[in-house]
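Student: I'd like to ask some things about the structure below.
Where a number appears in this text, it was derived from the coordinates with a stated rule and is not lab data. Since the structure is predicted, the reported quantities are computational estimates derived from the model, not experimental observations. Note that we place each Cβ from the backbone using ideal geometry, even for glycine, and neighbour counts take in every protein chain shown.
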Amino acid sequence: MRTKIVAVGWLLLLPCVAAAASSDVERGRYLVKIGGCNDCHTAGYAPSGGAVPEAEWLTGQSVGFKGPWGISYPVNLRLLVRTMSQGEWIQRVGKPVLPPMPWFSLRAMSESDRRAMYRYIWSLGPAGSPAPAYVAPGAAAPTPYILFVPQQEERQAGAPAPPLKN
Ligand code: HEC
């Protein structure tokens, strides 16, 4: 009798658990979209105004970001989530990593938001290949890169600033 009651209890609970999991996935998708993760972690997303099929989202990028730290590459998050548990993800994201990754945005996220992101990225399934490995300062760049350093136009001392164009 008791096992029956427990079994019925579980049956009633299951749809709730399933609904919670799918709303997490939806929420994760929303957070990824508004959080700008695709700008760097999806090739072509920013230049095309987001016109990249979801099947290709978050597969990383082989165009690096070069600065005083060397060259960093937005990792393939679809493969990364396969290497860690949900708990490990929640602990790890939000810890300092190389620029221009806005790790402090993830640090500011609630645990439930980080979990939702993990579940969404997991739901996309593994795809693509790993991003190129980090390159130390001064070493030759194996790929194209974006120079992530402020640039200043040369002008003679005392010369008026060039007119602003729009
Ligand atoms: C401006 C570009 C940029 C944006 C926007 C960005 N990332 Fe990243 N991300 C990077 C780069 C570059 C790295 C590699 C950093 C390194 O090698 O240390 C990275 C690394 C990561 C890592 C690996 C961290 C680790 O511990 O190994 C995770 C997870 C991650 N990003 C998640 C996200 C999520 C989620 C978002 C959206 C909220 C996001 N990123 C937005 C550029 C970006």
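Student: For the stretch 33-88, how many residues meet the condition of being within 12 Å of residue 121 (Cα to Cα), polar (S, T, N, Q) and within 11 Å of the ligand (Cβ to nearest atom)?
Tutor: Residues that pass the stated criteria total 2.
Student: Can you give me the number of residues within the stretch 131-148 that are of a type outside the set (Val, Ile, Thr), away from the ligand (no atom under 12 Å from the Cβ) and closer than 29 Å to residue 54 by Cα?
Tutor: Final tally of qualifying residues: 3.
Student: Tell me, which residue of the stretch 148-163 that is loosely packed, with under 10 Cβ neighbours inside 10 Å and hydrophobic (A, V, I, L, M, F, W, C) is nearest to residue 69 (Cα to Cα)?
Tutor: Step by step, filter the stretch 148-163, then rank; the result is 149.
Student: In addition: Would you kindly identify the helices (runs of 4 or more DSSP H) lying entirely within the stretch 51-129 that contain at least 2 residues that are surrounded by fewer than 17 Cβ atoms within 10 Å (Cβ to Cβ), free of Cβ contacts under 8 Å to residues at least 40 places away in the same chain and within 13 Å of the chain's Cα centre (by Cα)?
Tutor: Qualifying helices (runs of 4 or more DSSP H): 103-107.
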